[in-house]
Amino acid sequence: MGFNISSKLKNMNNGLVNSRFLSAVFAGIQIMLISGCSLNDLVNKGSPPADLIHPSAWENESGALSLYNGARYQLRSVVAGRASVVLAGALMTDELHSVFRGVIPPAFPRIDAELIDARASPDYRGAPITITQITDNTFMNLQHLRFQARVAAKYLEKYFLGNEKKDLISYMLALQAYAVLNLGELYCSGIPIPVYNDDGSFTLTRGFSREEIIGLAIELSDSAKYMAMDSIGVVDFSNLIKAKAYLSLGIFDSAAAAVNDIAVDYIHNVTYSTEDHNFFLNTTSGWEFSVSNEEGINGIDFITSNDPRTLTSNTATRVYFPQKYKLDGTSPVTIASGVEALLIRAESELNDRNTSGWLSILNTLRNSGIQSISTDESDTIWKKGIGSILFETLGQSVPGLSNLNDPGSDSARLSLHFRERAAWLFLTGNRQPDLRRQVRVYGQLEDHVFPTGYWGSARVSFYGTDVNLPVPQSEIDYNELYGGCINRDA
């Protein structure tokens, strides 16, 4: 199937990864990828929902394009809707916490509470947001994107006659890869991957391990890349998904190779409007979330650091809104970029113990290497680096940041690297995968990475111990092949 995990694992122990991690990767992923068996070899068929539109409604060029556009529209909900990759990942980590009338309620991170109290808003009509409204619906949104993109690709192949046919299909394959990758990064090991068949039936599946899921994302991204004809954007998007998947597996040379040809100014944004806004919407009732600051002992000082990449505005009592996004929920959200590609290459250099190469990439992102003196000669000003591209596409600006110095040890370098990733990729859906990778690949302790200790100002309750999200109970109730999470490990 084109993915030889054994060759990618060679010499990984020469880097910074946890040696116990290597055997787990090999054992889990070889089931589906090395043996050559497909998902269809491991499933049974089930009946579709009674209200599902019959496939015959799509059996024309207009229907195929409708499916394509429907998948693109679904991507908006998946990325930064009310149940989305960005929101769920931010609440699970140290980026955001929920706020209710100026009081920090039971924390979502680490699934410690049964309920998230949310500020009254038009979207929820004043009702509290439960954990399952976010975790379950994010899961279903990802599965829906995967399903709709898959169906769209099949109908485009059969009914679309335009010259853009292969490019449209390749983008649908890339969206499937994006959905699958985020299922593996957000949720526990053991995820069912149901398939919608040509005859209108569903093929139900067992739960696939995290390694199998990540391997499937790599296969889908490869398929998207090979299908693309004239769309460099689709090729870059596919390559970046592939690189993120390899990064998740701790296969750093392959991750770096996948993004080697991506231009630094490459950007893939998901756009929003006043009619179809994202969750970064500060209503008359206020925003029901807040950027966190040093959350749960281990959290980054996103607010007090005054880092221009994570600047906030104090919009209400104990509510800090990220300045990189507009208050009306219309800002685009970046899901892939040349800046992220450079950060992936930097991590590969770090694991090759090329400290100078790693530091050079980080500093190139921060400044151009040129300094000037302020008009009053009181300060030295760095000119902006190429990382500013990420913020310019959002209509913001980031000044040049001073050079970083080598902190001198492996652990300190790793900490600095993930801090830089947290700043450049702030609130774009990357923090949860990063924290899990620190535990799984680099062998750090969960309570040294994820928020821990007391939550909230009252200091009466503790964070839970989860490092990923649970698969919805409905999957267990209605899929006889599925028995729940295989494990809840990072």
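Any read-out appearing in this document is the output of simple, stated calculations on the displayed coordinates, not a laboratory observation. Every value quoted in this text rests on a predicted model; they were computed, and no experiment measured them. In this analysis, Cβ positions are derived from the backbone assuming ideal geometry, glycine residues included, and neighbour counts consider all displayed protein chains.
In table form, for the structure just shown:
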{"item": "Two-site label geometry, Ser285 and Asn269: point separation in nm, points 7 Å out along Cα→Cβ", "result": "2.9"}
{"item": "Cβ-based exposure ranking for Leu394, Leu365, Leu359, in which fewest neighbours within 10 Å come first", "result": "Leu394, Leu359, Leu365"}
{"item": "Amide proton proximity set for Met229, modelled H, under 5 Å, gap of 5+", "result": "Asp167"}
{"item": "Lysine pairs meeting the criterion (Cα under 13 Å, 8 or more apart or interchain), as found in segment 118-277", "result": "5"}
{"item": "Projected label distance in nm at Arg318 and Val195, using a 7 Å step from Cα toward the beta-carbon", "result": "5.0"}
{"item": "Per-peptide average of other Cβ atoms within 10 Å, ordering 91-99, 398-406 highest first", "result": "91-99, 398-406"}
{"item": "Sequence of Asp434, Asp477 once ranked by neighbouring C-beta atoms within 10 Å, starting from the fewest", "result": "Asp477, Asp434"}
{"item": "Length released on extending from Arg419 to Ala57, taking residue separation times 0.36 nm less the Cα-Cα span", "result": "125.4 nm"}
{"item": "Theoretical FRET efficiency, 1/(1+(r/R0)^6), r = Cβ-Cβ of Ile476 and Ser360, R0 35 Å, to 0.05", "result": "0.10"}
{"item": "Nitroxide proxy distance, nm - points 7 Å out along Cα→Cβ at Ile232 and Leu327", "result": "3.9"}
{"item": "Gyration tensor (alpha-carbon) shape descriptor, segment 288-355, a/c threshold 1.5", "result": "oblate"}
{"item": "For Tyr159, Tyr463, Tyr246, Tyr478, order by how many other beta-carbon atoms lie within 10 Å, fewest first", "result": "Tyr478, Tyr159, Tyr463, Tyr246"}
{"item": "Proximal aspartates and glutamates to Lys384, defined as alpha-carbon separation beneath 13 angstrom and excluding residues fewer than eight positions away on the same chain", "result": "Glu392"}
